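The values are calculated or read from the model by the stated rules, or taken from the named source; none is laboratory data. Bear in mind that the values here come from a model prediction, so they are computed numbers and not experimental data. Because the Cβ atoms are built from the backbone with ideal geometry, glycine has one as well, and the counts that use them run over all protein chains shown.
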Amino acid sequence: MRFSAESLLSALLEATPRPTVQAPRDARGLYGLVDHHGDLRYIGSTSSTDQTFYERIHQRHRTGSEGMSHYFSAMYNTGRMWRDRKDALTKADGDIAKALRNEFVVDHCRAVWFPLPDTEDIAQLEAEVLSLAPDHAIAWNRRRMQAYDEPVDLVEATLRRLGWGAREKAAIERQRLRFMSAMVRPVAAPAPKPAAIRQRHVTPFPEGPFRFFALDVETANNDRGSICQIGVACVRPDNSIETWVTYVDPQVDRWVFTYLHGISARTVQDAPTFAEVLPVLRDALNGATVYQHSGFDRSAVASACGNCGLAVPEWDWRDSVHVARAAWPELRGNGSHGLASLKQHLGLVFEHHDAGEDARAAAEVVLRAEGIQPVRKRPPVPTGRIAIVDDEDFDLIEDAGDTVMVVREPVAASMLPNAVPRQHAARHIGTTEITQGNINQSHIYLRSFFEKFPADAIGGSNRASVAQREIAVDWGGGAVVMTDLDGQKKFFRKRGWIREFFERHGVRAGDMVTVEEVAPYSYRVALQRRLS
């Protein structure tokens, strides 16, 4: 099942607010914070795989430090609930005030949430939802709203429930007075008029006309929105290519991938921000076809827009990985269709992990493929026709755009680049029983016969340690899945297809799933019903 930003936003806006303590302890996804008036004010996500709704909402937003991105703590740091966490002299009183604030949130604030499977790109969906959300629903996001005045009557109701004595009440009254004092500022002399803020220069975009574009980005860290370089290859009607490149200041403190692309905080010191670059790109690419090599670049642009509170541009995105698959099917399982592999196969000359160079390479892939077969515009999918959407489960520093093959129109199975060969006799390699945990988490354990899979298709426990090769998995859907195997958890690493497999067959706990080898590195997964 795929989730649209529109449906997720509607679900959050229409959900019944519930106490923060009821937030699920075993699920992740999108959530919203609801104030003491009953209004949705903040939308966020549990983008970290280590964080559940309960931890993020009840243990962070409610009890976290008010100076951090813990929004219940920040918005109700007021009156008798106020503290200055950096003031050691008022720590004892401040801790009591914070405890009151925590209990106030329990009594009078609420939250909503929408669980999503781990296979979804939760950070990207959050960015898309934020770009559509009405202002009132994200008034707390990025501190666009001041903290509330103390809701005196509601605070009194919480104090009656707590039954606090004179010592605690004296402490929070001292905090109220300190809060009032902190809010009063002496009238200062008029400040000197600030110097004009310099608009950082954005490189002018080339003049068209152009047939299509290819876009590539580099990021500073694992946040897809931390774009530090953008390159656009502009293909003219005569197929010549002009490349536009700019550094971008992502305004982050953490740089992880400098070793890969050579870009650092020093490199982007005088570069424009993404918010300053986007208007140039929006004008230049409006209504145009924009290729990316894998789905990462599109999701990075959406995430960066979300970070800046900007609408995501509606460009006609295409994927040059799909073009390469159709043009050079022989590379499937033999180096694959990442840029590094295509560089060697096609004799392309470019410096990998430079946004301008990679964008040019993606454009050249499309041009080379056009010499083999036309690159046709994707038609709308008629009602009733199967359309499998890409599982954008990409590693930030890998070339591999080896996603699920998109089937947009009827194609003979023999024409699919990743079709499993049917001429080989199938060999049963194992049967596994499906548990309720498998169904809830969309995975299939292969433990009892894991050693029967090829060793070079078994990787580590995360996407940074993928295997050298992938296997093809035919699960009876509209497309064969290319994935490696998680050697620690002993299941298929890519799991976006498994939920649909379970739903399609109505799989229940106790059902058996068989795995057959139909050719080297090619497997078929099928349901074996338990006998009644």
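Worth a mention:
- Count - residues of segment 296-337 that are within 13 Å of Glu128 (Cβ to Cβ) and at pLDDT below 80: 0
- Going through (1) at pLDDT below 85; (2) within 19 Å of His293 (Cα to Cα) one by one, Gln199 falls short only on (2).
- Scanning segment 251-281 for residues that are part of a helix (DSSP H, G or I) and exposed (fewer than 15 other Cβ atoms within 10 Å of the Cβ), we see that the one that is modelled with the lowest pLDDT is Tyr259.
- Cβ-Cβ under 6 Å pairs, at least 6 apart or on other chains, segment 313-331 side assigned to a strand (DSSP E or B), far side of a type in the set (A, V, I, L, M, F, W, C): Trp317/Val290
- At least 1 residues being within 30 Å of Arg298 (Cβ to Cβ) is the threshold, and among the helices (runs of 4 or more DSSP H) wholly inside segment 113-186 those reaching it are 122-132.
- Residue list for segment 207-224, filter: in contact (Cβ under 8 Å) with a residue 12 or more places away in the chain, out of contact with any strand residue (DSSP E or B) (no Cβ under 7 Å at 6 or more places or on another chain) and surrounded by fewer than 19 Cβ atoms within 10 Å (Cβ to Cβ): Gly208, Pro209, Asn221, Asn222
- Looking only at residues in segment 9-27 that are in contact (Cβ under 8 Å) with a residue 12 or more places away in the chain and assigned to a helix (DSSP H, G or I), the one that is farthest from the chain's Cα centre (by Cα) is Val21.
- Ala340 small (Gly, Ala, Ser), modelled with pLDDT of 80 or more and on the phi < 0 side of the Ramachandran plot: no
- Condition check for Glu66 on (1) modelled with pLDDT under 85; (2) part of a helix (DSSP H, G or I): one failure, at (2).
Table: residues versus (1) in a strand (DSSP E or B); (2) at pLDDT 80 or above; (3) within 21 Å of the chain's Cα centre (by Cα).
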site	(1), (2), (3)
Ala479	no, no, no
Met482	yes, no, yes
Val507	no, yes, no
Thr514	yes, yes, no
Ser532	no, no, no
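- Selection count where residues are among the hydrophobic types (A, V, I, L, M, F, W, C), within 24 Å of the chain's Cα centre (by Cα) and assigned to a strand (DSSP E or B), scope segment 218-250: 4
- Condition check for Arg376: of a type in the set (D, E, K, R), more than 25 Å from Trp497 (Cβ to Cβ) and at pLDDT 85 or above: no
- Residue match in segment 50-62 (condition: in contact (Cβ under 8 Å) with a residue 60 or more places away in the chain, within 30 Å of Arg495 (Cα to Cα) and touching a strand residue (DSSP E or B) at 6+ places or on another chain (Cβ under 9 Å)): yes
- Filter result for Val235 (in contact with a helix residue (DSSP H, G or I) (Cβ under 6 Å, 6 or more places away or on another chain), without any contact (Cβ under 8 Å) to a residue 40 or more places away in the chain and of a type in the set (Val, Ile, Thr)): no
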